[in-house]
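Colleague: Sharing a structure here in structure tokens format.
The values are calculated or read from the model by the stated rules, or taken from the named source; none is laboratory data. The structure presented is a predicted model; accordingly, all values stated were derived computationally and were not measured. FYI the Cβ positions are ideal-geometry reconstructions off the backbone, even for glycines, and counts take in every protein chain you see. The accessibility values were calculated without ligands, DNA or RNA, using every heavy atom of the protein model including side chains. Shrake-Rupley method; radii C 1.70, N 1.55, O 1.52, S 1.80 Å.
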Amino acid sequence: MEGFIYKYYDGLGLAELIKNKELQPKEVLHEAIKTIEQHNPSLNAVINKFYEKAEKQAETNELTGNFAGVPILLKDIAQEIAGEKITYGSKAFQKYRAQSDSEYVKRVRNTGAVFVGQTNVPEFALMGITEPAVYGPTRNPWNLEYTPGGSSGGSAAAVASGMVPIAGANDGGGSIRIPGAYCGLFGMKPTRGRTPVGPKYGRNWQGASVDHILSRSVRDSAAMLDEIRVFEKAAAFHAPPFEGSYFEMVQTPPIRKLKIAFSVRSPLGTEVQAECKEAVYKTAQLLESMGHHVEEVDAPVDGRKIAKSYLTMYFGEVAAAVASLEEVLGRKAVMSDVEQTTWILGLVGKATSAEEVVLSIREWDYAAIAMETFHETYDFYMTPTTAFLPAKIGELEPKKSEQLAMQVTGKLSMGGLLKKVGIVEQVAENNLMRTPFTQLANLTGQPAMTVPLHLTADGFPVGVQFMAARGREDLLYSLAGQLELSDLWVPVERNPMY
């Protein structure tokens with residue numbers, strides 16, 4: 001097609017060109033491959049490529065669905081394709097092949113999207129940065145010296161650089177929203193139970209983690225959620241039903257004036273950088289100019305208790321992941337099978353009692369009840385998506401003294417001592433203080449989105465987060481559709497690599 005520039009189209013835009021036979025799926029695929037090959041050496045976003053299979057998929061006449069022929073990358077964790085390698089960002093999984101398609105992959109395949117490859121993740125998706133030892137760091141298209149965030153950092157970098165218009169992602173503590181904010185993308189974490197978790201599991205991270213996509217447009221996210229939302233009988237959690245179309249909600253302005261609470265204070269009581277606050281203040285002014293009521297109010301939860309309960313689950317899940325490696329390796333895992341930090345986190349998890357886990361889950365429920373009551377008054381809770389701008393690559397590595405202490409105690413399997421002296425908790429909190437706003441929605445099960453509404457003088461996008469009551473993605477998409485048309489919206493095309 002004359003004048004066609006692949007990277008300027010979102011997923012639905014490409015699908016429309018293919019549907020109207022202005023382009024063939026194979027032509028679009030070749031543009032995606034060309035862009036990946038152009039940018040991936042600098043970004044290290046794609047760690048496994050499916051080009052040959054993608055060619056065959058693009059050649060078929062059976063491509064149907066809203067994203068028929070649209071290239072998509074999947075995240076290298078949970079989003080499994082039968083027979084394909086999936087490594088969870090770990091050297092322990094280098095020989096592993098998925099036994100079946102995940103339910104997420106099945107539903108995305110039904111949209112007609114073409115699987116081009118897999119994106120980089122931190123080992124077991126544990127970090128808010130993407131720097132796995134086995135593959136090396138993924139870099140941010142806005143500035144290659146900085147992280148794109150994590151754990152969906154590879155997916156975010158791929159979309160933000162124009163490799164693909166949409167990429168698979170999941171979010172257990174901010175892993176869609178954090179990289180979305182750092183890379184200037186739209187990212188929706190759906191309500192717990194809205195998207196599939198099967199067939200192997202009925203919950204991920206005790207229900208904290210859900211799958212969706214990262215995208216450059218709001219409508220792509222909404223249209224994909226229309227396609228992949230599901231009621232799984234065997235799933236541990238089910239979202240409140242929604243009979244309408246999320247895609248239509250993007251094009252439907254709110255039918256009434258909204259009441260929006262906002263806060264720029266960290267729930268941990270720690271620093272929030274000025275640019276992150278500025279993004280919220282500017283958005284509040286915009287919302288007021290639209291006629292909405294905006295009020296500065298903190299969420300009715302104890303931020304430090306939320307963080308502690310999140311970390312308790314986190315440590316336990318790491319311990320379980322390390323223990324489960326026996327099924328993959330055919331033997332019990334040893335320290336050298338995983339990254340040092342992963343092993344240490346697992347030891348702390350082993351030293352965490354069942355009592356602590358139960359009490360932490362109760363804290364989630366208390367917070368969920370409090371937030372549901374809060375949303376009887378306020379339609380949305382608005383915060384910065386992150387408290388800090390992206391860290392430099394390698395900046396968040398443990399200090400040498402911390403590494404030495406962890407190495408010694410790790411070799412001696414002294415998880416109880418590590419827990420007692422609090423070294424690991426301190427390292428975890430030092431990382432969490434950069435992103436303290438996102439975990440709440442994971443623990444309460446609420447939907448939350450990051451929206452790119454500010455650009456710093458140094459050229460970094462800054463995300464603003466909105467949370468809504470459980471089951472109200474429709475409200476979020478309606479507001480996002482309004483914000484996308486505003487002057488505050490930062491087009492991803494403004495980054496130097498796009």
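Colleague: Against the conditions (1) buried (at least 24 other Cβ atoms within 10 Å of the Cβ); (2) over 15 Å from T450 (Cα atoms); (3) among the acidic types (D, E), where does D171 fall short? Just the number, please.
Modeller: Failing condition for D171: (2).
Colleague: Can V348 be described as modelled with pLDDT under 95, touching a helix residue (DSSP H, G or I) at 6+ places or on another chain (Cβ under 9 Å), hydrophobic (A, V, I, L, M, F, W, C) and over 30 Å from W142 (Cα atoms)? Steps first, please.
Modeller: Numbers: modelled with pLDDT under 95: yes; touching a helix residue (DSSP H, G or I) at 6+ places or on another chain (Cβ under 9 Å): yes; hydrophobic (A, V, I, L, M, F, W, C): yes; over 30 Å from W142 (Cα atoms): yes.
When the stated conditions are applied, V348 passes them.
Results for (1) at pLDDT below 95; (2) touching an Asp or Glu at 6+ places or on another chain (Cβ under 9 Å); (3) under 26 Å from M224 (Cβ atoms); (4) in a strand (DSSP E or B), shown as yes or no for each residue.
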| site | (1), (2), (3), (4) |
| --- | --- |
| E425 | yes, no, no, no |
| E429 | yes, no, no, no |
| F437 | no, no, yes, no |
| A441 | no, yes, yes, no |
| Q446 | no, yes, yes, no |
| T450 | no, no, yes, yes |
| V462 | no, yes, yes, yes |
| G471 | no, no, yes, no |
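Colleague: So, one more: Any idea how many residues of the range 294-328 are over 17 Å from Q465 (Cβ atoms) and in contact with a Leu (Cβ under 7 Å, 6 or more places away or on another chain)?
Modeller: 4
Colleague: Kindly list, by first and then second residue, each pair from a residue in the range 286-309 that is open to solvent by less than 70 Å² (accessible area, probe 1.4 Å) to a residue that is assigned to a strand (DSSP E or B), limited to pairs with Cβ atoms under 7 Å and residues at least 6 apart or on different chains.
Modeller: L287/I260; L287/V294; H292/I260; V294/I260; V294/F262; E295/A261; V297/A261; A299/Y381
Colleague: Which of (1) of a type in the set (S, T, N, Q); (2) in contact with a strand residue (DSSP E or B) (Cβ under 7 Å, 6 or more places away or on another chain); (3) surrounded by fewer than 18 Cβ atoms within 10 Å (Cβ to Cβ) is the odd one out, the single condition S42 does not satisfy?
Modeller: (2)
Colleague: Okay, next question. Can you name every residue in the range 352-395 that is open to solvent by 40 Å² or more (accessible area, probe 1.4 Å) and either assigned to a loop (DSSP other than H, G, I, E, B) or of a type in the set (G, A, S) (or both)?
Modeller: Scanning the range 352-395 gives S353, A354, E376, T377, I393, E395.
Colleague: Let me ask something else about it. Being within 30 Å of L17 (Cα to Cα) and surrounded by fewer than 24 Cβ atoms within 10 Å (Cβ to Cβ) is the filter here; which residues of the range 61-78 pass it?
Modeller: Listed by number, the residues that qualify are N61, E62, L63, T64, G65, N66, A68.
Colleague: Only residues that are touching a residue at least 24 places away in the same chain (Cβ under 8 Å), open to solvent by 10 Å² or more (accessible area, probe 1.4 Å), over 12 Å from I77 (Cα atoms) and in a helix (DSSP H, G or I): list them for the range 107-125, please.
Modeller: Residue satisfying the conditions is R107 alone.
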